[in-house]
Amino acid sequence: MIDNKLVVKVRIVGEEYTLRTEASPEHTKSVAEHVDRTIRAIMGGGSTVETQKAAILAALQITDELFRERAAVEMMTADIRQLASDIRPLLPPAKRGEDGNLV
């Protein structure tokens, strides 16, 4: 079996990690930089926080960001479906599509 994963080295809070990924090196480094920035922001927030606890708090913050974005996408998708449903009757029959999808 051929392994198409790339090896990308990143640095997070001063520690180097070697990652095997199918994503581009640019994407992987960008993700690692986001994690690094988030951990450093938590550690620089005034109170003394151990790196491991800061990493957990960063994971919670990043997961919260992800969940909020997913919810926003779901709302937007529902809005688009409703808009398509509202517009469909206004289209000529040939443009409505047999399965109800816009052509």
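The values are calculated or read from the model by the stated rules, or taken from the named source; none is laboratory data. Quantities reported herein were computed from a predicted structural model and do not represent experimental measurements. In this analysis, Cβ positions are derived from the backbone assuming ideal geometry, glycine residues included, and neighbour counts consider all displayed protein chains. To get the accessible areas, we keep the full protein, side chains included, count just its heavy atoms, and leave off ligands, DNA and RNA. Shrake-Rupley method; radii C 1.70, N 1.55, O 1.52, S 1.80 Å.
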Please tell me if Ala23 is open to solvent by less than 60 Å² (accessible area, probe 1.4 Å), touching a Ser or Thr at 6+ places or on another chain (Cβ under 8 Å), under 30 Å from Asp3 (Cβ atoms) and not hydroxyl-bearing (Ser, Thr, Tyr). no
Of Glu98, Glu50, Glu74, which residue is open to solvent by 70 Å² or more (accessible area, probe 1.4 Å) and either at pLDDT 95 or above or among the basic types (Lys, Arg) (or both)? Glu74
Mind checking which pairs have a first residue in the stretch 37-63 that is under 20 Å from Val10 (Cα atoms) and a second that is assigned to a loop (DSSP other than H, G, I, E, B), Cβ under 7 Å, 6 or more apart or different chains? Ile39/Val13; Arg40/Val13; Ile42/Val49; Met43/Val49; Thr51/Val13
Among the residues of the stretch 1-20, which ones are among the charged types (D, E, K, R), more than 22 Å from the chain's Cα centre (by Cα) and open to solvent by less than 100 Å² (accessible area, probe 1.4 Å)? Asp3
In the stretch 26-46, what count of residues is obtained for those that are open to solvent by 40 Å² or more (accessible area, probe 1.4 Å) and closer than 22 Å to Ile56 by Cβ? 12
